[in-house]
1. Just one of the numbered conditions (1) in a loop (DSSP other than H, G, I, E, B); (2) closer than 30 Å to SER20 by Cα is not true of ASP301; which one?
2. Would you point out which residue out of SER243, SER182 is of a type in the set (S, T, N, Q) and under 22 Å from the mean Cα position of the chain (by Cα)?
3. What is the number of the single condition among (1) surrounded by fewer than 15 Cβ atoms within 10 Å (Cβ to Cβ); (2) modelled with pLDDT of 90 or more; (3) over 22 Å from ILE185 (Cα atoms); (4) among the β-branched types (Val, Ile, Thr) that VAL322 does not meet?
4. In the range 124-163, which residue that is open to solvent by 70 Å² or more (accessible area, probe 1.4 Å) and of a type in the set (A, V, I, L, M, F, W, C) is modelled with the highest pLDDT?
5. Residues of the range 82-92 being surrounded by 22 or more Cβ atoms within 10 Å (Cβ to Cβ) and of a type outside the set (A, V, I, L, M), which ones?
6. Can you tell me which of SER277, SER281 is of a type outside the set (Val, Ile, Thr) and in a strand (DSSP E or B)?
7. When you scan the range 251-274, how many residues do you find that are surrounded by 15 or more Cβ atoms within 10 Å (Cβ to Cβ) and not in a loop (DSSP other than H, G, I, E, B)?
8. Select the helices (runs of 4 or more DSSP H) contained entirely in the range 85-191, then report the ones holding at least 3 residues which are closer than 18 Å to GLY40 by Cβ, out of contact with any strand residue (DSSP E or B) (no Cβ under 9 Å at 6 or more places or on another chain) and β-branched (Val, Ile, Thr).
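The values are calculated or read from the model by the stated rules, or taken from the named source; none is laboratory data. The shown structure was predicted, so the numbers you read here are calculated from the model rather than taken from an experiment. Cβ sites come from the backbone with ideal geometry, for glycine too, and all protein chains shown count toward neighbours. The area values use the complete protein model at the heavy-atom level, side chains included, leaving out ligands, DNA and RNA. Shrake-Rupley method; radii C 1.70, N 1.55, O 1.52, S 1.80 Å.
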Amino acid sequence: MVTLGELAATSPQYGVGLSSREWTPGRPRYIRITDIQDDGELTGSKVAPDGSKEDWQKALLKPGDLLFARSGATVGKTYLHREVDFDAVYAGYLIRFQFDADRVIPEYVFRYTQSVQYRSWVAASQRAVAQPNVNAKQYASLAIPLPPLEVQRRVVEILSHADSLRAKRREAIAHLDELTQSIFIDMFGDPVVNRKAFPVVPLTQVGHLYSGGTPSKATPGNWEGSLPWFSPKDLKRDDLFDSQDHINERITERTSLKLLPPNTVVFVVRGMILAHSFPVSILRVQATINQDMKAVLPSIDVTSDFLAHNLRVQTNNILAQVSTAGHGTKRLDSDGMSRIPALLPPIELQREFDARIEIIRHLRTRHQVALSSLDMLFSALQARLFRGAL
């Protein structure tokens, strides 16, 4: 077992604290804590450091540099800068390690930071402060198993191959998602252009657009129960069956919070995610939502699946309606929602669309189950490799 500090070619380095702006060709990418995903990949959105070359020169990344997130909800996440086609600098709340290539392969260290052993170490190492924090000194003390270089290469090779199988499953799921969008466009066309001349109304006239709320945390009993309470962080899937947070089942009897029926379409109306994405989901269970979301309670004949796809296919148009509040938060207000068209084709045609995507939904579920199995097998493989059991 050898510590990262012993394997490092230089001292750990913090990044640069600069403001950011929309990325443009010729500028490096500015990697922030929020850009690092759980799997070590970067999010699709790009920003650039808003400063001169002198400002960010010391934080230019080189192939093999490993970044660690040091605070907040993303603490412990890592990003390995490989041979890529873009320059990048990293933000101040990230820590860079550069390794001695004669002793350790950076990809091997990165793979270790995706393991259960590493996540357990991060959980145990967080300092008791207002938010989770692991500093450079602590990361330098992280001990990892260090076999010879040829064994490290074999470990990387095995895990990379296993990971590629998971990537293919994710790619298949993404293609199925694209297929549903294509079916919608083929049957109904672009709602913004509406070349097929279907009846159309503003989204605000489809029905009541209900805003949720947050039960008082001063009353502990409010948060003791099993009723799903959805917030934007839950809207990562098209169909929602459970939430991260739950509230008391009887809270809708004593507050203004409404119990929404199954098959309700919901979408995000406030939050920085609206800078680049417009999450839309369908509640498949009775549930409640928070105030950063809207639920559509139709007063006209429209199916949930059709309505949800009517919104998803015009994401770019909807993001163009997003405004910025005085404190910088993105929001989709009533005026913006009134500029979102909702097609109203015959209900028989909507149901035909629903039947077609139901077939795709079954295929997607099978791929998702297979991906979950691969994820579990991958975690078990990681644990055995880093214990030297294979």
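1. (2)
2. Testing whether each residue is of a type in the set (S, T, N, Q) and under 22 Å from the mean Cα position of the chain (by Cα) leaves just SER243.
3. In the conditions (1) surrounded by fewer than 15 Cβ atoms within 10 Å (Cβ to Cβ); (2) modelled with pLDDT of 90 or more; (3) over 22 Å from ILE185 (Cα atoms); (4) among the β-branched types (Val, Ile, Thr), VAL322 misses (1) alone.
4. Residue satisfying both the conditions and the ranking: ALA124.
5. Within the range 82-92, just TYR90 meets the criteria.
6. Numbers: SER277 fails: in a strand (DSSP E or B).
Result: SER281 is the single residue among SER277, SER281 that is of a type outside the set (Val, Ile, Thr) and in a strand (DSSP E or B).
7. 11
8. Details: elements: 106-112, 116-125, 136-140, 149-188.
Those helices (runs of 4 or more DSSP H) span 149-188.
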